Structure formats: C-alpha cells, structure tokens
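The values are calculated or read from the model by the stated rules, or taken from the named source; none is laboratory data. Keep in mind the model is a prediction, meaning the values are calculated, not measured. Every residue, glycine among them, receives a Cβ derived from its backbone with ideal geometry; neighbour counts consider all protein chains shown. Surface accessibility is based on the protein's heavy atoms, side chains included, excluding ligands, DNA and RNA. Shrake-Rupley method; radii C 1.70, N 1.55, O 1.52, S 1.80 Å.
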Amino acid sequence: MTSVPERAEAVRLPIRGDGDLTAVRHQVRALARELGFGLVQQTKIVTAASELARNTLLHGGGGEVEVVRLEGPSGPGLRVSFTDSGPGIPDVERALQDGFSTANGLGMGLGGAKRLVQEFGIEQAPGGGARVTIASWAVSRPAGFGA
Amino acid sequence: MTDGPPDSGLSSPDALSAFLRRRSEQIAQRWADLPLFQAVFTVTRDEAVEASHAVVASLADVAAGGRLDDLEAAGFLPVRRQLIAMSGSRSRSGLSLAQVDREFGALRDAVLDMLPLDQAGQDERGGDDLRLPLATLFGTLRVVVVETMLQENQEVVLRQRQQLLEMTTPVIKLWDRLVAVPLIGMLDSARSQVVMENLLEAIVEHNATVAILDITGVPTVDSLVAQHLMKTVASARLMGAECVISGIRPAIAQTIVQLGLDLGHVTTRATLADALEWAMDQRGRRDRDPRPLG
Ligand SMILES: Nc1ncnc2c1ncn2[C@@H]1O[C@H](COP(=O)(O)OP(=O)(O)OP(=O)(O)O)[C@@H](O)[C@H]1O
Ligand SMILES: [Mg+2]
C-alpha cells in the first residue's frame, strides 16, 4: 500500500539489455527535470545512472532499477537503486578505485558515479548480488554542509 | 441482494475493496508466481510480491472509488508506470499484445479462485455478489493495460524512427580535406562502430586531414561514450587525420571532469564554429607541410 509516501511514485524498470539502458537514462532524466533539477544536476545524475545501469548489465548479469522521488527538508530529490543477482562487489574499496576494472573498461564508472551524486552506497542485495544506490537533491546543499 | 446479511451494509465495490485489502498478502503471493510478475521481477521473489501488492492496493483504491469500470480512476495512477514497465518488458520478450492481455487476465483467475476460501472463514456477503464486480474491475484493468500498451507502441515507433535517424550518421565533407560528423543520440557500442566505420571511409574517400566530431546532439557522455570517442579519434589519427571534438556543452564538460575522464590527448572546442576555425588552421598547416606525421 501507499503508507510510505516516498515509495508511492517508485518506478521499477528491468535492466536486461542495451535498450533498457536508454530507458533508464530517459526515466531518470524525465524525473530529474520534473523535480526541478538544473541542467548540470540532471546531466550528473543521468550520467551516474548510465554508468551504474551498465555495471548492472555487464558485471551483474542484468537486474533492476528503482527510481524514487524523495521529499527532503530543502526540496525534492531523486534516489536511484540498481540491484542485480550477480557475484556482488566483495572489495568495494578496490572497485571504487579509478582505473580498476575486471572487464577491460576504463574503470571510472563506479568512482565517477560516486563523485557525480550527493549520496552513494553499495550493499549486498538480498540474493547476494550488488545493490548500488545514489541520490541527489534538486537544491544543492548549502556550502560547507557535510564537508 | 435481498437476503444478504443485514449487518454487512457494504455495496459491492466497497465489499470488493475490503476483500482485496484483507487478502492482499495471499493475492500477492499467488501473483508473484505467475509469469507476468515472475518474468519481470527476476532479482528476488520479494520484489515480485511487493510489485503485486502495489497492484492489489491500486485495484482496492479503484474499487473504493465506487466505479469499477472507470478507466480514468485515480487509483490506477500509482501503478501506471509499473504497468507500462511490466507490459513493455513482456512484449520485449516476444509476447503479442493479446498474449500480454491474457497474462493480465490470469491475475483475475488467481483472485477468483480465492473467493470461496475467503467466505469459508468470514462472515460476509454471498460469493456470487463479489464475482461480478471482481470481473468488472479486472476487465477495467485489462483495458487500462492495453490502452497504455497501444500508447507505448506509438512512442516506440517514434523512438525507432529517431534511432533510424541516428544509425544513418552522415559524414559531411565541409571543405577540401575536411570532414565532419554531427553525432545525434546516444553513442552506444553498436552505433559508435557505425560512426567509426563511416568516418574512416570518408577520411579515405575525401583524403581528409582533419575531421570534426560534433557531439552537440549526444545527450549523455559517460565513460563508455568517452572511450568510444577516444578510440575513434585514435583510429582517425592512424589514417592521417587529426580530430577535434566540438559541441561540448558546459553541463557535459563539468560532468566529464567530475567523472574523472581525461580527454587530454584529444583536441576539444566548445562550438562547431570554434572547431571549424581550428580545423581550417590545421588544414592550412598540413597543406604547407603535407606529411607532418612522417
Ligand atoms: N554490479 C556489479 N557487480 C559486480 N561487480 C561490479 C559491479 N559493478 C562494478 N563491479 C566491479 O567493479 C569494477 C569497477 O567498476 P567500474 O564501473 O568503475 O569500471 P568498469 O565497469 O570495469 O569500466 P567502465 O569505466 O567502462 O565503467 C568492475 O570492473 C567490476 O569488477
Ligand atoms: Mg562500469
């Protein structure tokens, strides 16, 4: 039911193929725009989502994304979670290192995504795979906040 | 109707709504094992159950609204996107519209099966009373799904037209020995391969020494897109053409830097005009010294 307000608008999309990546980017961009994210903020969260969706597909063997609008004290925000049923990320620190890749990539995706958003977390998904969650707010936090 | 228990006092829609809410967990558990939910929410069964709950709650809300045949019922709104995602996922895996519709029909059967069960232990109105409203409500759900699918299909056609446009990445000869590629749309692996081939062919054909890659129309530059761009630049260089990437909007520039991508070895310009200026200059230099690489 809709007892938790922030979940009422949750959108879930499957990530099974390249075409789904486009859908994820479109969904995140549309919602970011709707929530009043500025162009730079939109571009950042869409790019982060693009990196993580590709990781879900490439390293996690496919999974799902959940896009949720948040209501924060200083305005609306956007949370995006990527869940897969792959091998998970046992060594998070190493995976976050720039240039570390087990797939011949640039190894910039995970660390880069973290830098592009305000909140970032990696956990183990219920099935043992990876769950990577990012969040950003339409209104940037005041300078010095959390620094 | 006349011999229903006098204390129930519920109209059919209300009774149906109450029934759906009361049985939400059992219904969700059953639905989670149907192909419709199972095939879409593959990560954990819990997610299929949760998604099922959302649809049950939505149907209960529609019923509580009193009009079981209301296609525009506000109760459908919270699950609209989820329904689109589900039906879209099923049709992408090869099911026809009719087949997807049938899978939604199966949701009703799973609930109908539970009606006698519910009555056994509960003091409520006769089973036949809920059967009809239930059929009406699920009929409405099916129409809503089919309508959204048709709407989506229309959007898919538009998107495909756009993609087709993207696939035909033209390489334009701007000047003697100067070619340009205006890139539009997402540069995924398949497309960047097309771009690279077209560009290399054009370089040979026009004996080009300078190539402009304009990314004004590329919505997102992530690490994979950047990698493709750099590969394209490197291959062009091997063919004797220097590349310049233009159309890097401020938001993209900031994002690239924060992402940690290093385009240091690639010449970039903000606008196509700037790139053109650089290219003409470069071309002039090449003309004076025709073999700068060797
Ligand atoms: N969902 C995931 N499941 C399992 N391992 C992952 C997942 N996401 C990332 N990793 C691991 O972390 C590494 C670093 O990820 P990152 O996105 O930074 O680089 P990459 O995907 O290899 O290359 P790219 O720069 O193209 O993104 C991956 O190579 C992989 O080993
Ligand atoms: Mg990656």
Problem set entry | Criterion violated by A:His26 - all others in (1) more than 18 Å from B:Phe41 (Cβ to Cβ); (2) at pLDDT 95 or above; (3) within 10 Å of chain B (Cβ to nearest Cβ) satisfied | (2)
Exercise. Going by the conditions given, is A:Ile134 surrounded by 21 or more Cβ atoms within 10 Å (Cβ to Cβ), modelled with pLDDT of 95 or more and more than 7 Å from ligand 1 (Cβ to nearest atom)?
Worked result: yes
Problem set entry | Enumeration of residues in the stretch B:183-224 that are under 23 Å from B:Gln160 (Cβ atoms), acidic (Asp, Glu) and away from ligand 1 (no atom under 16 Å from the Cβ) | B:Glu197
For this session: Look at A:Thr43 and say whether it is open to solvent by less than 40 Å² (accessible area, probe 1.4 Å), within 10 Å of ligand 1 (Cβ to nearest atom) and assigned to a helix (DSSP H, G or I).
Result: no
Exercise. For residues in the stretch B:231-250 being farther than 21 Å from B:Ala270 by Cβ and not small (Gly, Ala, Ser), which is surrounded by the fewest Cβ atoms within 10 Å (Cβ to Cβ)?
Worked result: B:Leu238
Exercise. Counting only residues that are within 10 Å of chain B (Cβ to nearest Cβ) and more than 15 Å from ligand 2 (Cβ to nearest atom), which one in the stretch A:73-109 is modelled with the lowest pLDDT?
Worked result: A:Ser85
Problem set entry | All positions within the stretch A:68-124 that are more than 12 Å from ligand 1 (Cβ to nearest atom) and in a helix (DSSP H, G or I) | A:Leu116
Seminar exercise, completed: Quick count over the stretch B:61-74, residues being at pLDDT below 90 and not in a loop (DSSP other than H, G, I, E, B), is 1
Exercise. Within the stretch B:154-169, is even one residue at pLDDT 80 or above and within 14 Å of another protein chain (Cβ to nearest Cβ)?
Worked result: no
For this session: Report, by residue number, each residue of the stretch A:21-58 that is over 19 Å from A:Glu71 (Cβ atoms) and among the basic types (Lys, Arg).
Result: A:Arg25, A:Arg29, A:Lys44, A:Arg54
For this session: Hey, could you check the stretch A:110-126 for residues that are open to solvent by 40 Å² or more (accessible area, probe 1.4 Å) and within 11 Å of another protein chain (Cβ to nearest Cβ) and say which is farthest from the chain's Cα centre (by Cα)?
Result: A:Pro126
Problem set entry | Residue list for the stretch A:52-72, restricted to those being touching a strand residue (DSSP E or B) at 6+ places or on another chain (Cβ under 8 Å) and either within 15 Å of ligand 2 (Cβ to nearest atom) or closer than 13 Å to A:Ile122 by Cβ (or both) | A:Leu52, A:Ala53, A:Asn55, A:Thr56, A:Leu57, A:His59, A:Gly60, A:Gly61, A:Gly62, A:Gly63, A:Val65
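This table checks each residue for (1) facing chain A (nearest Cβ under 9 Å); (2) farther than 22 Å from B:Arg285 by Cβ.
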{"site": "B:Thr209", "(1), (2)": "no, no"}
{"site": "B:Asp214", "(1), (2)": "no, no"}
{"site": "B:Val218", "(1), (2)": "no, yes"}
{"site": "B:Asp222", "(1), (2)": "yes, yes"}
{"site": "B:Ala241", "(1), (2)": "no, no"}
{"site": "B:Leu261", "(1), (2)": "yes, yes"}
Exercise. Which residue out of A:Ala10, A:Ala49, A:Ala32 is within 28 Å of B:Arg90 (Cα to Cα), within 13 Å of the chain's Cα centre (by Cα) and away from ligand 2 (no atom under 16 Å from the Cβ)?
Worked result: A:Ala32
